[in-house]
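The structure appears right after this line, and notes come after that.
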Amino acid sequence: MQGGNFSSATEFILIGFSAFPHLQLMFFLLFLLMYLFTLLGNLLIMATVWREHSLHTPMYLFLCALSISEILYTFAVIPRMLADLLSTDHSIALRACASQMFFSFMFGFTHSFLLTVMGYDRYVAICHPLRYNTLMSPRGCACLVAWSWAGGSVIGLVVTVAIFQLTFCESNEIHHFVCHVQALLKLACGENVSILAMGLGLVCITTLLGCCLLILLSYAFIVATILRIPSAEGRHKAFSTCVSHLTVVIEHYGFASVIYLKPKGPQSLEIDTLMGITYTVLTPFLSPIIFSLRNKELKIAMKKTFLSKL
């Protein structure tokens, strides 16, 4: 299926890992271990919050929602990637490709929205502590989580519908290991492809930058408030509640900027594949580690809930 018109194609070929033919078994074992650790880490966080009543607060409700979005994101992408590493058949059906794109964008942007909500939660807790219970009521928190999921769903639907109404006529080989937007745009033909690519890029970048700016604004107020605390111990205690969230934000947007803000131009398959691994495997892998190690309350609760029974 090289060349010709593939507007009615029923499948694509994912060739991302063909750039590393001798490393595929090693990649499979490494990514499998990282995937299992990601699942275990997020499930441990959720189980700890569920069982420890002292963690039944908005901050940890949002953390549980974040863990769910990470589990679902990795489930939408990594099992298929692991299967391709062991198989010689790298074809993916058109509907499966569309589904993978929708769910990866949905859960990925839900993750960004939830990080923004968590930044707002820290802002209210530190800058307006007396109004915290009012502003972060159970109903209000549930609405923030629901709107985050709704926002992610809308972005996923818009991107997926826009991409799969295109005509694909260059080839059916996707130069990636997932159904990646930029890789599919390279296969499309027609006068509106460049306009669509610019529009989708604008939507994604504007959304991510908007979330990032809201988080930065929250932390600007947080830092200003912390600096007004007279005691060093009080400043340290206030800032310590933000460290894990801030670290995950830096990691999340750092890797996202590599993908969305990289210079335009020809890229080798090897570079595209390695860059894709950062946000597909590495980011979800690091997130539960950061929250578990950098959040003192959560770390103590995990030891109390699980290690005390060993």
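The values are calculated or read from the model by the stated rules, or taken from the named source; none is laboratory data. Note that the coordinates shown come from a computational prediction; the quantities given were computed from them, not determined experimentally. Counting neighbours? That spans all protein chains shown, and the Cβs are built from the backbone with ideal geometry, glycine included. Areas reflect the complete protein model, heavy atoms only, side chains present, ligands, DNA and RNA absent. Shrake-Rupley method; radii C 1.70, N 1.55, O 1.52, S 1.80 Å.
Values computed for the structure shown
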read-out: Flag if CYS204 is within 15 Å of LEU114 (Cβ to Cβ) and either among the hydrophobic types (A, V, I, L, M, F, W, C) or outside any helix (DSSP H, G or I) (or both); value: no
read-out: Candidates SER194, SER218, SER231, SER287, filtered to the one that is within 30 Å of MET59 (Cβ to Cβ) and surrounded by fewer than 14 Cβ atoms within 10 Å (Cβ to Cβ); value: SER231
read-out: Residue check, THR247 surrounded by 13 or more Cβ atoms within 10 Å (Cβ to Cβ) and touching a residue at least 60 places away in the same chain (Cβ under 8 Å); value: no
read-out: Residue in region 54-67 that is under 22 Å from LEU157 (Cβ atoms), surrounded by 20 or more Cβ atoms within 10 Å (Cβ to Cβ), modelled with pLDDT of 90 or more and not acidic (Asp, Glu) present; value: yes
read-out: Meets criteria (among the charged types (D, E, K, R) and at pLDDT below 80) for GLU233; value: no
read-out: Subset of region 74-91 [in a helix (DSSP H, G or I) and open to solvent by less than 30 Å² (accessible area, probe 1.4 Å)]; value: THR74, ALA76, VAL77, ILE78, MET81, LEU82, ASP84, LEU85
read-out: Residue in region 95-115 that is closer than 30 Å to LEU166 by Cα, surrounded by fewer than 17 Cβ atoms within 10 Å (Cβ to Cβ) and not small (Gly, Ala, Ser) present; value: yes
read-out: Count - residues of region 116-164 that are out of contact with any Leu (no Cβ under 9 Å at 6 or more places or on another chain) and either open to solvent by 30 Å² or more (accessible area, probe 1.4 Å) or farther than 18 Å from GLU70 by Cα (or both); value: 22
read-out: Condition met for ALA47 (modelled with pLDDT under 95 and either of a type in the set (Asp, Glu) or in contact with a Phe, Trp or Tyr (Cβ under 9 Å, 6 or more places away or on another chain) (or both)); value: yes
read-out: Single condition GLU173 does not satisfy, out of (1) open to solvent by 50 Å² or more (accessible area, probe 1.4 Å); (2) without any contact (Cβ under 8 Å) to a residue 24 or more places away in the chain; value: (2)
read-out: Any chance THR278 is under 15 Å from GLY108 (Cα atoms), modelled with pLDDT of 75 or more and among the polar types (S, T, N, Q); value: yes
